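Derivation of every value follows stated rules applied to the coordinates shown; laboratory data play no part. Note that the coordinates shown come from a computational prediction; the quantities given were computed from them, not determined experimentally. Cβ placement follows ideal geometry from the backbone for every residue including glycine, while neighbour counts extend to all protein chains displayed.
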Ligand code: ADP
């Protein structure tokens, strides 16, 4: 009887403490949601005045007489900083969005061949590659059918490729690989970007996916990022049930790889939905 009572009391104790901790967490969750909503709304609201400032600065620049170098320089700075701030706000907005979507899993999934998007991306980066004196190779020999949110997967590819270009100096090489592995019960989509750039120390490799974290501050800062790209990339991969990994050797280069698995039935289902539309 004594042993039975002990078990009963500890079970009740456990239930009560679970219930209490759940209740205690509720206000935290509400506050967290409010904060995320605020970031999302604020980013949106801030973009409008910024684009007005930018077009005003551009208009002033057009009728500016070139004989006043100080004015010219100040206008240049104004435009540059407004553009930088718009970039930050866009990233914040994407982050707030991907955060909430990851939580409620609001992905617009479809089945599609991701290879043309990768080819288009390489096309868009051609200028940056040429200007920086890099070489770039896309290794995607066959069509790659995936199931996922098209826009978000493309964004993920852009983030990793953009970083590889940013953190590799003249003469370096960037390689993008897309492949699919078929297993018995699922398919894996593997996307990787390798570069021969500045690399990331072992200690920093653990932190680069954190928001606003930037490894080598002096070198990274020159590139004008905000330390948000990789955390957005990670939330996109995780929202798809996948993961993102980094392997890197300082001064040698880095490889970022994403693996997303999906079940063949998901492919089948997406195909049927597509067909019935
Ligand atoms: P951002 O590039 O805007 O600073 P990210 O979140 O994309 O932000 O990356 C975080 C940090 O990780 C960067 O500041 C940089 O220090 C490091 N990093 C990311 N990608 C690479 C890369 N391919 N090579 C070297 N360092 C990188």
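I'd like the FRET efficiency for residue 131 and residue 30, computed as 1/(1 + (r/R0)^6) with the beta carbon distance as r and R0 of 35 Å, rounded to 0.05.
0.15
Could you tell me which of rounded, prolate or oblate describes the range 80-196, using a ≥ b ≥ c as the square roots of the eigenvalues of the alpha-carbon gyration tensor, with rounded for a/c under 1.5 and, failing that, prolate when a/b is larger than b/c and oblate otherwise?
It comes out oblate by the Cα gyration axes.
Roughly how tilted is helix 2-62, in degrees to the nearest 10 and between 0 and 90, from the longest Cα axis of the chain?
Relative to the chain, helix 2-62 is tipped by roughly 20 degrees.
Grab the eigenvalues of the alpha-carbon gyration tensor for the chain, scale each by 5, take roots, and send me the semi-axes largest first in whole angstrom.
40, 29, 21
If a/c stays under 1.5 just call it rounded; otherwise compare a/b with b/c (prolate if a/b is bigger, oblate if not). Do that for the range 108-172, with a ≥ b ≥ c from the square roots of the Cα gyration tensor eigenvalues.
Taking the square roots of the gyration eigenvalues as a ≥ b ≥ c, the range 108-172 is prolate.
How would you order 229-236, 10-17, 146-153, 49-56 from highest to lowest mean count of nearby Cβ atoms within 10 Å?
The packing order, highest mean first, is 229-236, 146-153, 49-56, 10-17.
Among 187, 216, 251, rank each residue by its count of other Cβ atoms within 10 Å, from fewest to most, as a rough exposure measure.
Starting with the residue having the fewest Cβ neighbours, the order is 251, 216, 187.
Once a ≥ b ≥ c are taken as the square roots of the eigenvalues of the Cα gyration tensor of the range 1-154, is the result rounded (a/c under 1.5), prolate (a/b larger than b/c) or oblate (a/b not larger than b/c)?
oblate
Pairing the Cα long axis of helix 264-276 with the longest principal axis of the chain, what angle in degrees results, from 0 to 90 and rounded to the nearest 10?
With both axes taken from Cα atoms, the answer is about 70 degrees.
Quick check: residue separation of residue 60 and residue 123 times 0.36 nm, minus the Cα distance between them. What number comes out in nm?
Working it through step by step, the gained length comes to 19.4 nm.
Only helical DSSP H runs with n ≥ 4 go in: add -39500 (n - 2.57) per run for the chain, normalise by residue count and round the 222 nm mean residue ellipticity to 500 deg cm²/dmol.
-20500 deg cm²/dmol
Would you mind calculating the gained length between residue 50 and residue 90 on full extension (0.36 nm times residue separation, minus the Cα-Cα distance), in nm to one decimal?
Gain on extension, residue 50 to residue 90, equals 13.2 nm.
May I ask for the distance between the Cα centers of the range 20-58 and the range 146-219, given as a whole number of Å?
Answer, in whole Å: 27.
Under a point spin-label approximation (7 Å from Cα along Cα-to-Cβ), what is the residue 42-residue 173 distance to one decimal in nm?
With each label placed 7 Å out from Cα toward Cβ, I get 4.5 nm.
Exposure proxy check: 18, 214 ranked by fewest other beta carbons within 10 Å?
Going from sparsest to densest Cβ surroundings: 18, 214.
Over the chain, what is the mean sequence separation of C-alpha contacts under 8 Å (at least six apart), divided by residue count, expressed as relative contact order in percent?
16
What is the helix-to-structure angle for 229-239, meaning the angle in degrees between its Cα long axis and the longest Cα principal axis of the chain, kept from 0 to 90 and rounded to the nearest 10?
Between helix and principal axis, roughly 30 degrees.
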